[in-house]
Amino acid sequence: MHIGIFETSDAASDAAAELIIDLFSRKPHATLGVATGSTPEKLYARLRAAHAAGTFTLKNSSAFALDEYVGIAEDHPQRYRNVLRRELVGKDKTGLTEAGLNTPDAGADDPEQAALVYDRMIGGSGGIDLQILGIGVDGHIGFNEPGGSLVSRTHIEALAGQTISDNARFFNGDTSQVPRRCITQGLGTIMEAKRLVLLAFGANKADAVAQLVEGPISAKWPATIMQMHPDVVAITDTAAASKLEFADLYQERWRLAKGE
Ligand code: GLP
């Protein structure tokens, strides 16, 4: 795992944007896995700026969301499809088309079948070249909460109490408005992406980041399965990295990879 530790979330988002823009300059039709939550917002702003500058476009690409709430109204602003539309879709954003944006059909009559179909769609697209990830305070990626299978496929998940209270800020601070269920790419599905780029900002993510990088692989901290992936880049600010025991080594290794 490569760990980039930056003073600020702005500098960290610059570094993540650079990785993505570089991929698309080499492979313009690459498939991007996209995350929601507040963490990737600055990254998406940089991708929009690069699109406006003509150095980056998703117009020829497909994007796959990690997850979607079950039981949320189609026009709800926090439905992840709507969030990602606002962030990425259109010529005034990143060039991604409406048809190019794939999200689990969580409103389907049979959400379990919809999860299966979504998993197959990802495989059928040739797979995800680069998956953007955030991390939950409890170590979830996508919405894979503690205690689940480390090799799961896309499935219906129950949100942990911690996640419901964390995400209440998107629902007027009211936990009762946060959906209890979601469809999420499974850990096995996420692990099939060719490259994983995880972002984590703020002191409240420090425990999860320490477990992700240095903890034992365990369903208690689902993100730890990423230690088994051959190409992971974790990009954090100093607060999220504050509990890493070997931070100096990771920074040295980062410099080595940059040829410094
Ligand atoms: C959300 C999403 C995750 C996200 C995480 C952290 O609920 N399902 O994909 O990475 O929780 O969210 P935030 O970036 O807002 O801290």
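The values are calculated or read from the model by the stated rules, or taken from the named source; none is laboratory data. Everything quoted here is computed from the prediction, not taken from an experiment. Cβ: placed from backbone, ideal geometry, glycine included. Neighbour counts: every protein chain shown. In case anyone asks, the SASA skips ligands and DNA or RNA and just uses the protein heavy atoms, side chains included. Shrake-Rupley method; radii C 1.70, N 1.55, O 1.52, S 1.80 Å.
Per-structure values
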read-out: Positions within the stretch 170-186 being surrounded by 18 or more Cβ atoms within 10 Å (Cβ to Cβ) and more than 12 Å from the ligand (Cβ to nearest atom), in sequence order; value: GLY186
read-out: Scope the stretch 151-169; condition more than 11 Å from the ligand (Cβ to nearest atom) and within 17 Å of the chain's Cα centre (by Cα); matching residues; value: SER152, ARG153, THR154, HIS155
read-out: Residues of the stretch 187-202 satisfying the condition of being within 13 Å of the ligand (Cβ to nearest atom) and either in contact with a Cys (Cβ under 8 Å, 6 or more places away or on another chain) or open to solvent by 10 Å² or more (accessible area, probe 1.4 Å) (or both); value: PHE201, GLY202
read-out: Residue ranges of helices (runs of 4 or more DSSP H) in the stretch 1-90 with at least 3 members open to solvent by 10 Å² or more (accessible area, probe 1.4 Å) and in contact (Cβ under 8 Å) with a residue 60 or more places away in the chain; value: 9-26
read-out: Near pairs, Cβ below 8 angstrom, 6+ apart or cross-chain, from the stretch 216-233 (polar (S, T, N, Q)) to any residue that is in a loop (DSSP other than H, G, I, E, B); value: THR224/GLY139; THR224/GLY215; THR224/PRO216; THR224/ILE217; GLN227/MET1; GLN227/ILE217
read-out: Positions within the stretch 91-115 being open to solvent by 80 Å² or more (accessible area, probe 1.4 Å) and either in contact with a Phe, Trp or Tyr (Cβ under 9 Å, 6 or more places away or on another chain) or of a type outside the set (S, T, N, Q) (or both), in sequence order; value: LYS91, ASP92, ALA99, ASP105, ASP109, ASP110, GLU112
read-out: Number of positions in the stretch 167-179 that are under 18 Å from VAL70 (Cβ atoms) and not in a loop (DSSP other than H, G, I, E, B); value: 6
